[in-house]
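Here the structure comes first, spelled out in structure tokens, and everything after it is commentary.
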Amino acid sequence: MAILPMKHISMIGLKKDRRAVLDVLQRCGTVQINDINRKDNAFYKYDVSSEKLLLEKQAAVVQEALEILDRHVPEKKPMLNVLNGKQELSRKRYEKLDGEQEEILETAKHIRELSDTISEYRAGMEKLQVQMDSLVPWSSLDLPLQFRGTKSVAAFIGSLTGEMSRDELLASLFDRLPAVDAVHLEIVSSTREQVCIVLLCLRRDAGPVENALRSMGFAYPSASVPTLPIRQMQEWKEKKDRLEKARDTAEEEIRDLSGQRDSLKGMLDCYAIRKEKADVAGRLLQSRHAFFLEGYIPARKADTAAAILNEQFDLLVEYEDPSGDADVPILLENNKFAEPVEGVLRSFSLPGKGEIDPTFLMAIFYYILFGLMLSDAGYGLLMVLGCGFCLRKYKNMEPGMQKTLRMFFFCGISTTFWGAMFGSWFGDVTKIVSTTFFHRTVSVPPLWFEPVNDPMQMLVFSMAVGVLHLFTGLGAKLVQCIRAKQYKDAVYDVLFWYLLVGGLIVVLLSSSQFAGMFGLNFVLPSVVGKAAGSIAAVAGAGIILTAGRESRNWFKRILKGLYGLYNVTGYLSDILSYSRLLALGLATGVIATVINQMGAMFGDSVMGAVLFAVVFLIGHALNMAINLLGAYVHTNRLSFVEFFGKFYEGGGKEFTPFAVHTKYFEIKEET
């Protein structure tokens, strides 16, 4: 529930120890190393661009080899494999992999070459198949397609578009021809699209005959081969079979290499570690004999890191508190209850300079608001059981996934609680089932009230939760002002608003009209309302006088003060925005009830029970999914806009230590 204090670290060491020092720092994972931009004639930066480019190229080869293996030999993964996390890899095994870089890289290149060869074989097979398909219409021809006749006889072998008989072809041909001595026409094959023909005529009539044929749309075969079509097709078939066999051999070799998948994955992690080390090496300053680095380390880890480094190397390491204007990175530390919502906070922004860590306060209201919006005990139990099972079974899942599941686990507990308070268990399923199938009414009564029957009470409760949420945000701002010793700001920007908004609320609660409008069963005494009104008036005057205090001109100050007072309408809209708790809670319950009623429409027969089960499962699954998304989105909105709007700006930079960041394996240190 705090932002961990940081120390600024500076280190000077011998250049010969640079790589070893970086290796130790990376394995410790506790130091963020900054990019140093000092101008110093004695020091310079090492150019790591060529080293990084080489690593990226090698990693691209290995990545491509993995993708090829996945295409040819898909890896069998359990349905919930994403929850298993990374495989463990001992430091000894990692160092062995690192030493086998050349062999693994050659394996990756060989896999890529096999893939390229397979692609070439497939392209050749496709080309041969197209060529064979083009000869199918000519398969019964006992002449080569290149045959053009003899010395005295001309031969025309080709095709015409459309479907025509021999007589129709001859009639169309003679309509276009002058008198010729002799013409012989044979149809080799015919389809609706084309007719393949062989036409013979005297050589002296070849010109007019060809002109007549072309006017009819005649075209020579695209595959003009010197041998008989059937013989050529057989040759191509044999060649295709050889290519297919060679392709199968290459694919089998790739499948045999699938056992190298883990080595390839490990090599990719090695490249990632090396690349990160090269990035950091490029940030250091170094001379002929020394190197210099600086960065940040959590204060409580400084002594341990110094002891480890000084034990192994001759280094000069100094720690100091960051200067006031330093851009210190942010590292949060929260308990198991608040830690899950750190990801939500991070998606908005980490705390800026002088701000508190709002995670714990945010977590309390996050779980409450989420539960109020979903507010069905059945859905909440499913969330608790599902998330709890995954958290218990999959111990090595990624930290981010673990935090997300823990967050929804707590949201599920809240949803179950509010669902029980409002009497919603998969809507009114017990009432519908008992009435439809057992002809007696059994229902689970709410522990408090049913929002569907008393929406005004739910609206009042929602706005009360909103007031508490907003006042907590103001309280966080009060703490920030006191920590920064800005006591006047605490009075002007927090206390006055507490008194103004709180006083106006008390005034409303002392009004019988307001109580009647919202169905309240109590009215505060009028004397309390008058006192609260006076306090609110004083607070309003204080806001008018102080909201524009940065201006020296009193006229401008008053104008800015009036504009600041106008912000009270913002509080009104913020409080009203919590009515979404009512809207989403009602939506979940009403839709669940409608689903139950739809399922019961089929009666109390066996078929009716089966159809009820189908409608129940599908309907509630969709309802839960849609309203889970709605609850998540609107809870974030209330946290980011209404709650953070009162005290939080963010803008902090996350602490990013130089560490071992891998994709496939978790490297376990032996010591």
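With respect to GLY85, determine if the residue is in contact with a strand residue (DSSP E or B) (Cβ under 8 Å, 6 or more places away or on another chain) and in contact (Cβ under 8 Å) with a residue 40 or more places away in the chain.
On the way: in contact with a strand residue (DSSP E or B) (Cβ under 8 Å, 6 or more places away or on another chain): yes; in contact (Cβ under 8 Å) with a residue 40 or more places away in the chain: yes.
Yes: the conditions hold for GLY85.
Is at least one residue of segment 214-234 farther than 29 Å from MET125 by Cβ, surrounded by fewer than 19 Cβ atoms within 10 Å (Cβ to Cβ) and out of contact with any strand residue (DSSP E or B) (no Cβ under 7 Å at 6 or more places or on another chain)?
First, the residues of segment 214-234 that are farther than 29 Å from MET125 by Cβ: 214-218.
Pick out the ones that are also surrounded by fewer than 19 Cβ atoms within 10 Å (Cβ to Cβ) and you get 214-217.
Then drop every residue that is not out of contact with any strand residue (DSSP E or B) (no Cβ under 7 Å at 6 or more places or on another chain), which leaves 214-215.
For segment 214-234, residues farther than 29 Å from MET125 by Cβ, surrounded by fewer than 19 Cβ atoms within 10 Å (Cβ to Cβ) and out of contact with any strand residue (DSSP E or B) (no Cβ under 7 Å at 6 or more places or on another chain): present.
I'm trying to understand the selection: among the residues of segment 642-669, which are in contact with an Asp or Glu (Cβ under 7 Å, 6 or more places away or on another chain) and either polar (S, T, N, Q) or over 20 Å from ARG346 (Cα atoms) (or both)?
Across segment 642-669, the qualifying residues are THR662, LYS663, TYR664, PHE665, GLU666, LYS668.
Can you name the residue in segment 595-610 that is of a type in the set (Val, Ile, Thr) and free of Cβ contacts under 8 Å to residues at least 12 places away in the same chain and, of all such residues, is farthest from MET624 (Cα to Cα)? Step through it out loud before you land on a result.
First, the residues of segment 595-610 that are of a type in the set (Val, Ile, Thr): 595, 606, 610.
Subset that is free of Cβ contacts under 8 Å to residues at least 12 places away in the same chain: 606, 610.
Details: VAL606: 27, VAL610: 21 Å.
Checked segment 595-610; the qualifying residue farthest from MET624 (Cα to Cα) is VAL606.
Looking at segment 503-523, which of its residues are hydrophobic (A, V, I, L, M, F, W, C), under 18 Å from VAL467 (Cα atoms) and in contact (Cβ under 8 Å) with a residue 12 or more places away in the chain? Please lay out each step first, then the result.
Residues of segment 503-523 that are hydrophobic (A, V, I, L, M, F, W, C), as a first pass: 504-509, 514-515, 517-518, 520, 522-523.
After this cut, where a residue has to be under 18 Å from VAL467 (Cα atoms) as well, the list is 504-509, 514-515, 518, 520.
Once the filter is applied, which keeps residues that are hydrophobic (A, V, I, L, M, F, W, C), under 18 Å from VAL467 (Cα atoms) and in contact (Cβ under 8 Å) with a residue 12 or more places away in the chain, segment 503-523 yields LEU504, ILE505, VAL506, VAL507, LEU509, PHE518, LEU520.
Taking helices (runs of 4 or more DSSP H) that fall entirely within segment 350-454, which contain at least 3 residues that are surrounded by fewer than 16 Cβ atoms within 10 Å (Cβ to Cβ), in the same structural domain as ASN627 (by TED's automatic domain parsing) and without any contact (Cβ under 8 Å) to a residue 60 or more places away in the chain?
Values: elements: 359-374, 377-393, 399-422, 429-437.
Where helices (runs of 4 or more DSSP H) fall fully within segment 350-454 and carry at least 3 residues being surrounded by fewer than 16 Cβ atoms within 10 Å (Cβ to Cβ), in the same structural domain as ASN627 (by TED's automatic domain parsing) and without any contact (Cβ under 8 Å) to a residue 60 or more places away in the chain, they are 377-393.
Which condition number in (1) touching a helix residue (DSSP H, G or I) at 6+ places or on another chain (Cβ under 7 Å); (2) farther than 24 Å from ARG557 by Cα; (3) modelled with pLDDT under 95 is the one that ASP489 fails?
Looking at each condition in turn, ASP489 falls short on (2).
Scan segment 364-407 residue by residue and report those that are of a type in the set (Gly, Ala, Ser) and farther than 29 Å from THR430 by Cβ. Let's see the steps before the verdict.
Within segment 364-407, the subset of a type in the set (Gly, Ala, Ser) is 371, 375, 377-378, 380, 386, 388, 400.
Matches in segment 364-407: GLY400 only.
What are the residues in segment 1-39 that are out of contact with any Phe, Trp or Tyr (no Cβ under 9 Å at 6 or more places or on another chain) and among the acidic types (Asp, Glu), if any?
Passing the criteria: ASP23, ASP35.
Does segment 155-170 include one or more residues that are among the charged types (D, E, K, R), without any contact (Cβ under 8 Å) to a residue 40 or more places away in the chain and closer than 21 Å to GLN131 by Cβ?
We begin by selecting, within segment 155-170, every residue among the charged types (D, E, K, R); these are 163, 166-168.
With without any contact (Cβ under 8 Å) to a residue 40 or more places away in the chain added as a condition, the list becomes 163, 166-168.
Remaining after also requiring closer than 21 Å to GLN131 by Cβ: none.
No: zero hits.
Quick check on segment 486-502: of everything there that is free of Cβ contacts under 8 Å to residues at least 12 places away in the same chain and under 42 Å from the mean Cα position of the chain (by Cα), which residue is surrounded by the fewest Cβ atoms within 10 Å (Cβ to Cβ)?
This residue is GLN486.
Could you list, in sequence order, the residues of segment 309-349 that are among the polar types (S, T, N, Q), over 32 Å from the mean Cα position of the chain (by Cα) and not in a helix (DSSP H, G or I)? It would help to see each step written out before you state the result.
Within segment 309-349, the subset among the polar types (S, T, N, Q) is 310, 312, 323, 334-335, 347, 349.
Applying the additional criterion that residues be over 32 Å from the mean Cα position of the chain (by Cα) yields 310, 312, 323.
Within segment 309-349, SER323 is the sole residue that qualifies.
Could you name every one of the helices (runs of 4 or more DSSP H) located completely within segment 1-108 that has at least 2 residues being among the aliphatic types (A, V, I, L, M) and more than 30 Å from PRO358 (Cα to Cα)?
Once the helices (runs of 4 or more DSSP H) in segment 1-108 are filtered for at least 2 residues that are among the aliphatic types (A, V, I, L, M) and more than 30 Å from PRO358 (Cα to Cα), what remains is 18-28, 49-72.
The values are calculated or read from the model by the stated rules, or taken from the named source; none is laboratory data. Note that this is a predicted model, so its numbers are computed, not measured. Please note: Cβ atoms are built from the backbone with ideal geometry, for glycine as well, and neighbour counts cover all protein chains shown.
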